[in-house]
Amino acid sequence: MEAKGRSLEEIKSEILRRAGKINPFERVQREEVQGLVGRMSSLDPDLWGSEWGKLGSRYELQGEAQEKRGEREAAGKTYYQAYEYYRIGRYPVPSSPEKMNCYQGALRSFLRAAPYLDPPLERVEIPFEGKQVVGYLQVPKGAQRPPVVMHWGGVDGWKEDRRSSSEALHKIGLATFTIDMPGAGENPLLGQDPRAERTFSAAIDYLATRKEVDGKRIAVMGGSFGGYWAAKLAHVEAKRLRGAVNWGAGVHYTFQEAWLRPALTERASQYLMGPASLLDARSYIFGVKTLEEVLKIAPSLSLKTQGLLDQPSAPLLCVNGKEDDQHPVEDIYLLLEHGSPKEVRIFPGAGHMGRVPGRSNEEVLETVTRWLKQKLS
């Protein structure tokens with residue numbers, strides 16, 4: 001069965017519904033988006049990248065001009081706006097030349113905005129098996145060696161896209177270290193590597209060396225598919241983590257063909273371009289091209305198959321919507337049946353990540369950040 005995609009008109013309507021409010025369009029100018037949507041003649045990935053990239057480039061050039069005039073604060077905001085448009089241009093993954101151009105533009109403009117963020121953001125490169133693990137460290141101003149939350153997103157939400165979660169954590173006095181999950185962004189390993197969590201372990205090693213943060217008080221949080229890696233780390237790094245949050249992912253059933261085939265061909269109701277686009281994103285993190293390749297690889301990721309579920313774990317919070325059609329809520333119940341006791345918050349009537357269309361996801365974010373603060377106190 002071929003994966004279904006939404007029509008051009010359906011996607012245009014959804015973009016306008018989300019503009020200025022909902023991922024990945026929460027920080028864009030609605031008027032500009034309306035103009036771009038009016039020009040969209042197809043869903044060709046290179047056309048998508050090219051159109052959003054033009055907006056990104058315009059803001060990037062404007063930021064350069066402001067910087068030359070010494071208008072540093074204004075330049076920082078403009079560079080960040082450039083990043084937002086480039087980010088959409090590579091969404092969900094840079095699977096074509098123009099989308100890859102947008103990803104490069106997103107990295108470039110994000111780093112140009114970094115010194116002007118509050119708190120300022122530092123790019124960190126950690127040597128790793130002849131390559132490097134890259135992350136972004138932010139320490140709230142005035143905080144004395146605060147605990148640190150290492151967090152990441154899923155197949156389409158990369159480390160540059162974690163601003164809202166980081167800001168919520170900074171407000172409660174926690175430092176943040178954002179990183180890409182395996183297969184995404186600058187992570188040096190693919191998502192199908194059986195021990196790809198060692199990239200996170202390398203980051204934990206590194207954070208223990210930084211005097212600005214308390215390397216003995218570290219927690220992790222993974223959003224969407226990234227929640228799987230948080231659940232795995234809770235078991236693999238049980239002794240070094242104060243807590244882990246699996247926000248929206250499965251650990252076993254989600255990787256079985258009985259769930260995965262319909263999820264990637266028929267469902268994904270909250271995914272912008274429908275299941276065909278979600279399949280593209282999942283394929284990208286595994287480094288493959290087809291549904292059948294994804295179905296062949298996925299079962300090996302099961303934490304049950306890997307024998308981890310009955311091992312001790314760090315404190316683990318599982319959060320999701322009861323009606324999630326990307327990752328089955330049954331996987332959370334499976335976690336409860338094994339190993340160390342877990343904490344859970346299921347949101348009834350909500351979908352993936354606890355989201356309800358047309359409603360703010362602030363309650364879910366507050367639930368997660370409050371729990372992390374408690375575990376790191």
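The values are calculated or read from the model by the stated rules, or taken from the named source; none is laboratory data. In this text, all values refer to a predicted model and were calculated from it rather than measured experimentally. Because the Cβ atoms are built from the backbone with ideal geometry, glycine has one as well, and the counts that use them run over all protein chains shown. We work out accessible area using only protein heavy atoms, side chains counted, and drop any ligands, DNA or RNA first. Shrake-Rupley method; radii C 1.70, N 1.55, O 1.52, S 1.80 Å.
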Q | Share of carbon and sulfur in the accessible heavy-atom surface of the chain [1.4 Å probe, %] | A | 50 percent
Q | Loop trypsin sites (Lys or Arg not before Pro), region 328-377 (other Cβ atoms within 10 Å of the site Cβ: 14 or fewer; DSSP) | A | Arg359
Q) Under the rule of -39500 (n - 2.57) per DSSP H run of 4 or more residues, summed and divided by the residues of the chain, what mean residue ellipticity at 222 nm is obtained, to the nearest 500 deg cm²/dmol? A) -13500 deg cm²/dmol
Q. Under a 1.4 Å probe, what is the accessible area of the chain per residue, stated in Å²?
A. 41 Å²
Q: Quick one: work out the % antiparallel among DSSP beta bridges in the chain, nearest 5.
A: 30 percent
Q | Around Leu233: net Lys/Arg minus Asp/Glu count, Cβ-Cβ under 15 Å | A | +3
Q | Cα centre as origin, Lys/Arg/Asp/Glu Cβ charges: the chain dipole, Debye | A | 1020 debye
Q | Computed magnitude of the charge dipole of region 1-110 (debye, nearest 20; Cβ of K, R +1, Cβ of D, E -1) | A | 240 debye
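Could you list the trypsin sites (Lys or Arg not before Pro) in region 139-198 that lie in coil according to DSSP, counting only those with at most 13 other Cβ atoms within 10 Å of their Cβ?
Lys141, Arg195
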**Q.** Contact order normalised by residue count of the chain, Cα under 8 Å, 6+ apart, percent
**A.** 13 percent
Q) What is region 211-359's relative contact order, in percent, from Cα pairs under 8 angstrom and six or more apart in sequence? A) 26 percent
**Q.** Spatial separation of Cα centroids for region 158-228 and region 27-93, in angstrom
**A.** 26 Å
Q. What's the longest bit of the chain with no exposed GluC sites (Glu not before Pro), using DSSP loop states and at most 10 other Cβ atoms within 10 Å as the test?
A. 3-336
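May I ask you to compute the full-extension gain from Leu47 to Arg345, defined as 0.36 nm times their residue separation minus their alpha-carbon distance, rounded to one decimal in nm?
Here the answer is 103.2 nm.
Report relative contact order for region 49-173 in percent, whole number only (criteria: Cα-Cα under 8 Å, sequence separation at least 6).
Contact order relative to length: 20 percent.
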Q) Along the charge dipole of the chain, which of Gly227, Met150, Gln311 sits closest to the positive end, that is, farthest toward it, with unit charges on the beta carbon of Lys, Arg, Asp and Glu (+1, +1, -1, -1)? A) Met150
